[in-house]
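K.L.:
Before I ask anything, here is the structure I am working with.
The values are calculated or read from the model by the stated rules, or taken from the named source; none is laboratory data. In this text, all values refer to a predicted model and were calculated from it rather than measured experimentally. As a convention, Cβ positions derive from the backbone with ideal geometry for all residues, glycine included, and neighbour counts pool all protein chains shown.
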Amino acid sequence: MTNPFRDIADNAKAVFIIGSNTTEQHPVFGSMLRQAAIHRGLKIVVADPRRIDITEYATPRYGGLHIRQKPGTDVALINGLMHIILKNGWEDKTYITERTENFDALKEAVEKYTPEVTAQITGIPVEQLHQTAEILALNKPMAVIWAMGITQHTKGVLNVMSLANLQMLLGNIGIPGGGVNPLRGQNNVQGACDMGGLPNVFPAYQPVTSPEAREKFEKAWALDRRPTTDDRSPVSSPPSPVLFGDKPGLTVTEMVNLAGEGKVRLLYILGENPVMSDPDVNHARDCLEHAEFIVLQEIFPSESAELADVLLPGVTFAEKDGTFTNSERRLRLVQQALDPVGDSRQDWDITAELARRVLAMEGREPVGPQAGWHYANPNEIMSEINALAPSYAGVTFARLAAGEQLHWPVKSLDHPGTPILHIGQFARGKGKFHACEHLDAKELPDEEYPYYLNTGRVLYHWHGAEMTRRAEGLLEIYPESLVEISPEDAVKIGINGKDRVRVTSRRGEMIARAIVTERVSAGMIFANFHFPGAQNANNLTISALDPTAKIPEFKVCAVKVEMAE
Ligand SMILES: Nc1nc2c(c(=O)[nH]1)N[C@H]1C(S)=C(S)[C@@H](COP(=O)(O)OP(=O)(O)OC[C@H]3O[C@@H](n4cnc5c(=O)[nH]c(N)nc54)[C@H](O)[C@@H]3O)O[C@H]1N2
Ligand SMILES: Nc1nc2c(c(=O)[nH]1)N[C@H]1C(S)=C(S)[C@@H](COP(=O)(O)OP(=O)(O)OC[C@H]3O[C@@H](n4cnc5c(=O)[nH]c(N)nc54)[C@H](O)[C@@H]3O)O[C@H]1N2
Ligand SMILES: [Mo]
């Protein structure tokens, strides 16, 4: 997020929530927004195919609106809104001139997304498009908020660029109460990305393709060159350091497919449950079965444990010291509250020992000062982070323990952190508009598979639900997978209440109980991936990927629905 939660809740005049089920999936922020609507007149516009809970506050009574697009039509919707904004002269002309470039290309691209064309593609009435554009443009500052409804598409990157276009057009980036605000998912996924848990960057987003970045990390992490069996060089020559490759690695979605082709032979999986969470999971399981060796580091023997050759018991958040970085780039101190259970060990300690053993087996010696994997405690790891990741340079456990609220970049020990990004200037200098065109999703409903399948989560469970299916109270409230079906479609299918339905796609089937609800509109159903086996929506999903981000199209595929018995 460019802006903190509290800043948006206190300072935004309007928010545009697009593809985020905020009150169920980010309940703390969701209730801050709800409070702001009630107490200070924050206007909430929601663009979501489903009537999610936050839409109760996106009504004319609160000065807001809920618009329901067809799944996968967001680029057309956002272009259509920008078309109306430009026609009315509501754009921020000074901001565009001073802070952006490539505006003409954007203008040209949105020209053809007239309200009529946009209504045709998105299914949103023309009148509502006008109302939406007006609320978003005339209430400044306006913050855009999104989550997986925007990113989990084959054009997820185009969706995100379109939202950045909208915010630059309105001059809403780099100001309090505005910004582009993707809500992150897993509690520390932001921190994992910051630390280089991505295939193309070192910690703090320093690209592996950059010679300066590689040189810096080679100095810190280099090993001596491993003598190979055909090495004829004289023994007396000094070992030369192993250089890092300059090619980005694989994303997780690519690894699984390549395992199926025998090109990835070993997988070391930490805290992920692919047998539940991967798209088209029947195919994913086949691929994983092809891998020669799978190591799984977990806190429970999950569904994926059946595929693993070795299980390494890690520890839960309550048994750890360290930091989590949340969605607003704020570092939170995590302090161990419980002793680890049984033979389990700290996740970092397991990984470090594995690394040391591999080094020893290969007879390699660390050359760089930070290459030996000898950490006594998380504090030492944080010192290494301070030295190598510029945006975390000034983050220490001591500062966090003293109660400082540090949003990265924190450039030095006396730097106060950066709650709002891009004030005055963008990281790249001028903000660049990207012209984006609407593209259809990979698989759309047809005669044989007439319904859109939309997938996601519910309030009471967490993904593969290894943790939440162990909580009795939660299971009492939400004991099994439910498939949301509209009242109109329920009549067509012949469902009467909570009957069991069989949902089929080109890739598999799911059998679960229906819940008849106006949360979904006619022609689409919504299912989750919290329960294993036949109840998992990922039996149905498609593994089509966004070409740049390689994120799967979890939000759109085609299915048929019939009574199961
Ligand atoms: N209780 C609970 N909370 C969680 C999680 C959990 O499992 N349980 N998971 C966490 C994680 S890792 C993540 S990533 C986040 C996810 O948080 P969200 O992205 O908010 O959750 P999803 O259920 O994926 O729902 C996305 C929203 O997008 C809408 N949507 C579907 N298709 C489209 C579309 O084409 N366009 C638009 N604009 N919207 C669409 C859906 O109707 C839904 O309201 O939640 C986090 N919080
Ligand atoms: N159909 C569909 N599929 C989806 C999505 C969707 O919207 N629709 N969303 C996708 C998204 S956004 C996400 S983030 C993924 C989530 O997919 P996963 O990451 O596979 O799901 P989790 O259930 O969160 O798995 C985390 C595992 O880590 C373990 N764990 C928890 N804490 C620790 C720890 O401290 N140490 C270790 N070693 N292990 C730990 C838990 O027991 C759990 O089994 O699902 C994706 N799949
Ligand atoms: Mo996520």
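K.L.:
When region 121-149 is examined, which residues are found to be part of a helix (DSSP H, G or I), within 10 Å of ligand 1 (Cβ to nearest atom) and buried (at least 24 other Cβ atoms within 10 Å of the Cβ)? Break it down stepwise before answering.
P.N.:
Initial filter on region 121-149 (part of a helix (DSSP H, G or I)): 121-122, 126-138, 148-149.
Among the residues that remain, those that are also within 10 Å of ligand 1 (Cβ to nearest atom) are: 122, 148-149.
Selection gives THR122, GLY149.
K.L.:
Within region 277-355, which strands (runs of 3 or more DSSP E) (wholly inside it) include 3 or more residues that are of a type outside the set (A, V, I, L, M) and either more than 21 Å from HIS463 (Cα to Cα) or at pLDDT 95 or above (or both)? Write out each step before concluding.
P.N.:
On the way: elements: 293-298, 310-313, 322-325, 331-334.
So the answer is 293-298, 322-325.
K.L.:
Separate question: For region 111-120, how many residues are among the β-branched types (Val, Ile, Thr) and part of a helix (DSSP H, G or I)?
P.N.:
Just the residues of region 111-120 that are among the β-branched types (Val, Ile, Thr), to begin with: 114, 117-118.
Filter once more, so that each one left must be part of a helix (DSSP H, G or I): 117-118.
Residues meeting the conditions: 2.
K.L.:
Do any helices (runs of 4 or more DSSP H) entirely within region 1-110 hold 1 or more residues that are over 24 Å from ILE420 (Cβ atoms), and if so, which?
P.N.:
Values: elements: 5-11, 22-25, 27-40, 74-87, 93-99.
In region 1-110, 22-25, 27-40, 74-87 are the helices (runs of 4 or more DSSP H) which contain 1 or more residues that are over 24 Å from ILE420 (Cβ atoms).
K.L.:
In region 1-13, which residues are among the aliphatic types (A, V, I, L, M) and crowded, with 24+ Cβ neighbours inside 10 Å?
P.N.:
Going residue by residue through region 1-13, those that are among the aliphatic types (A, V, I, L, M) are 1, 8-9, 12.
Those that are among the aliphatic types (A, V, I, L, M) and crowded, with 24+ Cβ neighbours inside 10 Å: MET1, ILE8, ALA12.
K.L.:
Same structure again: Here is a check on your reading of the model: is PRO71 within 16 Å of ligand 2 (Cβ to nearest atom), crowded, with 20+ Cβ neighbours inside 10 Å and not hydrophobic (A, V, I, L, M, F, W, C)?
P.N.:
Numbers: within 16 Å of ligand 2 (Cβ to nearest atom): yes; crowded, with 20+ Cβ neighbours inside 10 Å: yes; not hydrophobic (A, V, I, L, M, F, W, C): yes.
Yes, satisfied.
Residues checked against (1) at pLDDT 95 or above; (2) within 12 Å of ligand 1 (Cβ to nearest atom); (3) farther than 12 Å from ASP74 by Cβ:
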| site | (1), (2), (3) |
| --- | --- |
| GLY156 | yes, yes, no |
| VAL160 | yes, yes, no |
| ILE175 | yes, no, yes |
| ASN187 | no, yes, yes |
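K.L.:
May I ask you to list the residues in region 461-482 that are within 23 Å of the chain's Cα centre (by Cα) and touching a residue at least 60 places away in the same chain (Cβ under 8 Å)?
P.N.:
Taking region 461-482 as the starting set, the residues that turn out to be within 23 Å of the chain's Cα centre (by Cα) are 461-469, 481.
The answer is HIS461, TRP462, HIS463, GLY464, ALA465, GLU466, MET467, THR468, ARG469.
K.L.:
Looking at region 163-172, can you tell me whether even one residue there is part of a loop (DSSP other than H, G, I, E, B) and not aliphatic (A, V, I, L, M)? Write out each step before concluding.
P.N.:
Start the filter on region 163-172 by keeping residues that are part of a loop (DSSP other than H, G, I, E, B), which leaves 170-172.
Cutting the leftovers down to not aliphatic (A, V, I, L, M) gives us 171-172.
Within region 163-172 (the criterion being part of a loop (DSSP other than H, G, I, E, B) and not aliphatic (A, V, I, L, M)), the answer is yes, since at least one residue qualifies.
K.L.:
Follow-up question, since we're still on this one. Output the residues belonging to region 411-458 that are aromatic (Phe, Trp, Tyr), over 25 Å from the mean Cα position of the chain (by Cα) and within 16 Å of ligand 1 (Cβ to nearest atom).
P.N.:
Listed by number, the list holds a single entry, TYR451.
K.L.:
Which residues, taken from region 536-554, are away from ligand 3 (no atom under 15 Å from the Cβ), touching a helix residue (DSSP H, G or I) at 6+ places or on another chain (Cβ under 9 Å) and farther than 17 Å from LEU482 by Cβ?
P.N.:
SER543, LEU545, PRO547, THR548 - these are the residues of region 536-554 that are away from ligand 3 (no atom under 15 Å from the Cβ), touching a helix residue (DSSP H, G or I) at 6+ places or on another chain (Cβ under 9 Å) and farther than 17 Å from LEU482 by Cβ.
K.L.:
Now for a separate question. Within the set of pairs 6 or more residues apart or between chains, which connect a residue that is surrounded by fewer than 24 Cβ atoms within 10 Å (Cβ to Cβ) inside region 531-542 to a residue that is in a helix (DSSP H, G or I) and charged (D, E, K, R) with Cβ atoms less than 7 Å apart?
P.N.:
From residues that are surrounded by fewer than 24 Cβ atoms within 10 Å (Cβ to Cβ), the pairs are PRO532/GLU303.
K.L.:
Can ALA213 be described as at pLDDT below 95, away from ligand 2 (no atom under 16 Å from the Cβ) and crowded, with 19+ Cβ neighbours inside 10 Å? Working first, answer last.
P.N.:
On the way: at pLDDT below 95: yes; away from ligand 2 (no atom under 16 Å from the Cβ): yes; crowded, with 19+ Cβ neighbours inside 10 Å: yes.
When the stated conditions are applied, ALA213 passes them.
K.L.:
State which residue is nearest to LYS70 (Cα to Cα) when the search covers only region 110-119 and only residues that are surrounded by fewer than 20 Cβ atoms within 10 Å (Cβ to Cβ) and not basic (Lys, Arg). So that I can check it myself, show each step before the final result.
P.N.:
Of region 110-119, the ones surrounded by fewer than 20 Cβ atoms within 10 Å (Cβ to Cβ) are 111-112, 114, 116-117, 119.
Those left that are additionally not basic (Lys, Arg): 111, 114, 116-117, 119.
On the way: GLU111: 21, THR114: 17, GLU116: 15, VAL117: 14, ALA119: 10 Å.
This residue is ALA119.
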